[in-house]
Amino acid sequence: MVAGRALRVPRVSLVDLPIAATTYMARYDRRSDDQIARDQCLRAFVAGLSGRVRLVVLDSRGPHRDRLDRIVLRDALRVADRVEVTYSHRGSRDEPLLALPDALG
C-alpha cells in the first residue's frame, strides 16, 4: 500500500457464503434455568455433526455457563466417538460468524 492511499477491500455478503443452518430446539419453562434445554440441544448438535467438522465455536455465555457447555460437549463427543473435534467459546468480536443466527433470525 502506498502512503496516503486506502486499500479497497471487497465486501462479502452473508448470502454469498456457503452456509447451512440447523436450529435445535428443546422445551423449557422460562421461569427456570435453561441449562437442561441447552444441554439437550448441544447433545443433538453433536449427534448430527458432519464427519468433516473438526472445530466447533460457540458464543460465550460467561465463564460458569461456558464450563457447563464444555462438560456436555466433552461427554457428547466421546459418546459419538468424535474426540477429534475441538471446541471453544468466543465472543462475536472475536468470531464474526457468531452474529449469523441473529442476522438470520
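The values are calculated or read from the model by the stated rules, or taken from the named source; none is laboratory data. Owing to the predicted nature of the structure, the values given are computational and were not obtained by experimental measurement. Please note: Cβ atoms are built from the backbone with ideal geometry, for glycine as well, and neighbour counts cover all protein chains shown.
Worth a mention:
Let's see how each residue does on (1) under 26 Å from ARG93 (Cβ atoms); (2) assigned to a strand (DSSP E or B); (3) of a type in the set (A, V, I, L, M); (4) touching a strand residue (DSSP E or B) at 6+ places or on another chain (Cβ under 9 Å):
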residue: MET25; (1), (2), (3), (4): no, no, yes, no
residue: ASP29; (1), (2), (3), (4): no, no, no, no
residue: ALA37; (1), (2), (3), (4): no, no, yes, no
residue: PHE45; (1), (2), (3), (4): yes, no, no, yes
residue: GLY51; (1), (2), (3), (4): no, no, no, no
residue: VAL56; (1), (2), (3), (4): yes, yes, yes, yes
residue: HIS64; (1), (2), (3), (4): yes, no, no, no
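- Cβ pairs under 8 Å, 6+ apart, first in region 86-101 and within 19 Å of ALA76 (Cβ to Cβ) and surrounded by 13 or more Cβ atoms within 10 Å (Cβ to Cβ), second among the hydroxyl-bearing types (Ser, Thr, Tyr) and modelled with pLDDT of 85 or more: HIS89/SER60
- Selected residue (criterion: nearest to THR23 (Cα to Cα)) from residues of region 35-68 that are among the polar types (S, T, N, Q) and surrounded by 13 or more Cβ atoms within 10 Å (Cβ to Cβ): GLN40
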